[in-house]
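The values are calculated or read from the model by the stated rules, or taken from the named source; none is laboratory data. Not measured: the values here are computed from a predicted model. Methodologically, a virtual Cβ is constructed for each residue, glycine included, from the backbone with ideal geometry; neighbour enumeration extends over all protein chains shown. What goes into the accessible areas is simple: the full protein's heavy atoms, side chains included, and nothing from ligands, DNA or RNA. Shrake-Rupley method; radii C 1.70, N 1.55, O 1.52, S 1.80 Å.
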Amino acid sequence: MKNKICIIGAGNLGLSLAKGLVDSGNYVAKDLYLTRRTIKKLDDLKSEGYNVSSNNIKSLKQAEIIIIAVLPQKINSVLNEIKNEINDKQLLISLASGVTIENIIKIIGSNIPIVRAMPNTAISIRQSMTCITTIPKWKDKLPEVRLIFNLVGQTEIIPEEKMTSATALCACGLAFFLRAIRAASQGGNEIDFHAGESLRMAAQTALGAAGLLLTNNSHPEDEIDKVTSPKGCTIAGLNEMEHNGFSSAFIKGITVSAEKAKDLY
Ligand SMILES: NC(=O)c1ccc[n+]([C@@H]2O[C@H](COP(=O)([O-])OP(=O)(O)OC[C@H]3O[C@@H](n4cnc5c(N)ncnc54)[C@H](OP(=O)(O)O)[C@@H]3O)[C@@H](O)[C@H]2O)c1
């Protein structure tokens with residue numbers, strides 16, 4: 001399975017992916033070719049053994065797998081730059097939100113297999129939720145792509161029309177849960193704890209809550225029932241949050257993000 005990988009656009013997500021792959025132990029830094037225009041910002045990575053360059057063409061020629069991690073508004077110029085340089089033995093994976101496989105085919109044609117993946121930045125600690133999709137013609141490429149992203153978290157194969165929803169729930173979702181943890185830590189700070197102490201306690205509590213659901217394969221309400229005694233402090237706090245629109249705010253936020261994700265390209 002191990003291939004050389006070129007990541008075009010080694011910014012937040014591209015770099016997080018590179019680090020996650022190396023941490024997995026299945027790749028070493030020299031298997032990865034990272035590009036961006038401001039090459040100076042990759043100096044540290046170079047000293048860690050990664051191949052870094054501002055030359056997309058030279059870099060992609062070294063790799064079997066090319067991952068595009070530039071912003072949606074930059075992807076057309078990158079695709080136009082590389083379209084005559086990639087070949088059908090290579091595989092193109094796009095991480096760009098809102099850019100469909102059809103959009104990419106319009107520029108590079110349909111000879112080179114294309115797969116889309118939607119991870120989140122927890123990929124750097126190998127805890128991403130990554131949704132993967134392609135069109136029927138390249139379905140045989142999905143297992144290979146899944147193996148790569150399984151090294152850096154959990155994966156789901158989904159139909160392409162659900163990719164914007166996956167963006168809202170899983171990529172934007174990371175920020176939503178971080179904001180929830182920040183709010184919890186601010187509450188802890190107000191009642192008793194120093195800010196740093198409160199943040200660590202809130203983050204570990206959130207990790208435990210997610211772990212219960214994933215380990216027990218349970219519903220949140222099953223776990224909530226176990227901690228809400230009659231007339232108790234947990235149900236009182238929970239109901240107060242709901243009176244103030246907690247669940248509703250989360251649901252509305254995800255819905256608005258999904259709408260916005262449709263128009264990023
Ligand atoms: N961040 C997330 O959580 C997340 C999650 C899922 C999907 N995504 C998607 O992933 C993509 C990257 O997001 P990001 O947050 O990582 O953005 P970012 O931090 O801005 O990274 C994009 C990188 O692309 C580089 N770049 C721009 N033009 C280039 C070119 N012509 N050749 C090579 N590199 C070029 C930029 O560096 P220079 O300006 O130095 O070239 C920058 O480092 C986006 O399409 C986004 O929709 C992001």
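Across segment 194-209, rounded Karplus estimates of 3J(HN,Hα) from the backbone phi angles (6.51 cos²θ - 1.76 cosθ + 1.60, θ = phi - 60°) give 5, 4, x, 4, 5, 5, 4, 5, 5, 5, 5, 5, 5, 4, x, 5 Hz, Gly and Pro being marked x. Provide, for q = 0.20 Å⁻¹, the log10 of I(q)/I(0) from a solvent-free Debye sum over equal Cα point scatterers in segment 148-254. Summing over Cα pairs of segment 148-254 leads to -1.37. In a simple Cβ point-charge model (Lys, Arg +1; Asp, Glu -1; nothing else charged), segment 107-147 has a dipole of about 40 debye relative to its Cα centre.
What net charge is computed for the residues neighbouring residue 249, neighbours being all others with C-beta under 11 Å from the C-beta of residue 249, Lys and Arg scored +1, Asp and Glu -1? Kindly include the intermediate steps, with their values, before the conclusion.
Numbers: positive: 179, 252; negative: 242.
Its environment carries a net charge of +1.
Projecting the Cα positions of 184, 236, 210 onto the charge dipole of segment 145-237 (unit charges on Cβ atoms of Lys, Arg, Asp and Glu, taken about the Cα centre) puts 184 furthest along the positive direction. So what does log10 I(q)/I(0) come out to for the chain at q = 0.11, 0.13, 0.17 Å⁻¹, using the Debye formula with one equal point on every Cα and no solvent? So the normalised log intensities work out to -0.69, -0.90, -1.32.
With +1 on the Cβ of every Lys and Arg and -1 on the Cβ of every Asp and Glu, and nothing else charged, how large is the dipole of the chain about its Cα centre, in debye rounded to the nearest 20?
1120
Roughly speaking, what is the stretch gain from residue 144 to residue 213, that is 0.36 nm per residue apart minus the C-alpha to C-alpha distance, in nm to one decimal?
Extra length from residue 144 to residue 213 when fully extended: 22.0 nm.
Compare the peptides 114-120, 93-99 by average per-residue count of other Cβ atoms within 10 angstrom and give them in order, highest first.
Peptide ranking by packing, descending: 114-120, 93-99.
Let me know the shape class of segment 208-265, please: from the alpha-carbon gyration tensor, a ≥ b ≥ c as square roots of the eigenvalues, rounded when a/c is under 1.5, otherwise prolate if a/b is greater than b/c, or oblate. Cα axes put segment 208-265 in the oblate bin. For segment 251-264, 3J(HN,Hα) computed residue by residue from phi via the Karplus equation (6.51, -1.76, 1.60; θ = phi - 60°) reads 5, 5, x, 5, 5, 5, 4, 5, 4, 5, 4, 5, 10, 6 Hz, glycine and proline entered as x. Remark: the residue 125-residue 88 segment gains 10.1 nm on full extension, using 0.36 nm per residue and subtracting the alpha carbon distance. Taken per residue, the accessible surface of the chain reaches 56 Å², heavy atoms only and a 1.4 Å probe. When the chain is described by a simple charge dipole with +1 on each Lys and Arg Cβ and -1 on each Asp and Glu Cβ, the residue from 261, 87, 196 located farthest towards its positive end is 87. Ignoring the sites themselves, the chain has its longest run without GluC sites (Glu not before Pro) in a DSSP loop having at most 15 other Cβ atoms within 10 Å at 86-265. Going toward the positive end of the dipole of the chain, with +1 on Lys and Arg Cβ and -1 on Asp and Glu Cβ, which of 27, 53, 154 do you reach last? Towards the positive end, the residue furthest out is 53. Rounded to whole numbers, the Karplus 3J(HN,Hα) couplings from phi for segment 153-165 are x, 9, 10, 9, 8, 9, x, 4, 5, 9, 5, 5, 5 Hz, using 6.51 cos²θ - 1.76 cosθ + 1.60 with θ = phi - 60°, and x at Gly and Pro.
Dipole size of segment 183-230 about its Cα centre, with +1 on Lys/Arg Cβ and -1 on Asp/Glu Cβ: approximately 160 debye, rounded to the nearest 20. Across the accessible surface of the chain, with the other protein chains kept in place and a 1.4 Å probe, carbon and sulfur atoms take up 55 percent.
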